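Trainee: Just passing along the structure, written as structure tokens.
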Amino acid sequence: MNEIQQLKARVEEIKTQKMESGDELLMALHTAQELFNNSIPIKAAEVISEVLKVKMNRVYELATFYSMYSTRPRGKHLIRFCESLPCHVVGGREVTEALKKILGVKVGETTKDGLFTLETSSCLGLCGVGPVMMIDGEAYGNLTPDRVKEIIDSYRGEK
């Protein structure tokens, strides 16, 4: 079964669950993103639209509004670096520069090997342990350029 067929089956299953209005669409978007390497391609959005009987513009609206979703391909691991003032004043700029250098990408780009996508967040809610980044939802605080390198290397070796 290919990804599109898997998505259709899973969205059909989501549709049968009793959810609040709109929740099934969000669940379907999460499902698509899981199946398609951290992104929601147009074919996946079309399947979601068809199965849930939701207009395509509504699917696209949610897929592009929330930062947790992406309609463009992302790397296997999504890195979000906090760019809030509390993180900035405790060394955030140096850590951001180290991340870009270690990964060889700018913010918003994916590494050539497809392993990492680097994004920023206005706040990750962990100001007490800044500078902070999250990789696939796992938070890392009190970052230094050296610690960032160790963390990235652990993901390259798959922890």
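Computed from the coordinates by the stated procedures, all read-outs in this text should not be read as laboratory data. Because the structure is predicted, anything quoted here is derived from the model rather than measured. Quick reminder, even Gly has a Cβ in these numbers, built from the backbone with ideal geometry, and neighbours come from all protein chains shown.
Trainee: Estimate the FRET efficiency between Asn142 and Leu85 by the formula 1/(1 + (r/R0)^6), using the beta-carbon distance for r and 22 Å for R0, to the nearest 0.05. The partial results should precede the final answer.
Mentor: On the way: r = 17 Å, r/R0 = 0.77.
In this case the efficiency is close to 0.85.
Trainee: If you plug each phi of region 115-120 into the Karplus form 6.51 cos²θ - 1.76 cosθ + 1.60 with θ = phi - 60°, what whole-Hz ³J(HN,Hα) values come out, in order, with x for Gly and Pro?
Mentor: 7, 10, 10, 9, 10, 10
Trainee: Setting aside same-chain residues fewer than 8 positions from Lys112, which lysines have a Cα under 21 Å from its Cα?
Mentor: Lys76, Lys100, Lys101, Lys149, Lys159
Trainee: Taking K and R as +1 and D and E as -1, what net charge do the other residues with C-beta under 11 Å from the C-beta of Met1 add up to?
Mentor: Residues near Met1 contribute +1 overall.
Trainee: To continue, here is another question. Taking the Cα centre of the chain as origin and charging only Cβ (+1 Lys, Arg; -1 Asp, Glu), how large is the dipole, in debye to the nearest 20?
Mentor: For the chain, the charge dipole is close to 280 debye.
Trainee: Over region 77-156, what is the percentage of antiparallel beta bridges among all DSSP beta bridges, to the nearest 5? List each step's numbers first, then the result.
Mentor: On the way: 7 of 13 bridges.
If I count the DSSP bridges inside region 77-156, around 55 percent turn out antiparallel.
Trainee: Could you pull out every residue, at least 5 positions away or on a different chain, whose amide H is within less than 5 Å of the one on Ser121? Hs are placed 1.01 Å off N in the peptide plane, and Pro or chain starts have none.
Mentor: Under 5 Å from the amide H of Ser121 lie the amide H atoms of Phe81, Cys82, Glu83, each far enough along the sequence or on another chain.
Trainee: Note down the relative contact order for region 3-65 as a percent, whole number, built from C-alpha pairs under 8 angstrom at least six residues apart.
Mentor: Computed value for region 3-65: 37 percent relative contact order.
Trainee: How large is the Rg to Rh ratio of the chain when both quantities use alpha carbon positions and Rh follows Kirkwood?
Mentor: In the chain, Rg relative to Rh is 1.04.
Trainee: Can you list the lysines whose alpha carbon sits under 23 Å from that of Lys53, skipping same-chain ones fewer than 8 residues off?
Mentor: Within the straight-line cut-off, Lys53 pairs with Lys8, Lys15, Lys18, Lys43.
Trainee: Give me the percent relative contact order of the chain, please, defined on Cα pairs under 8 angstrom at least 6 residues apart.
Mentor: RCO, the chain: 19 percent.
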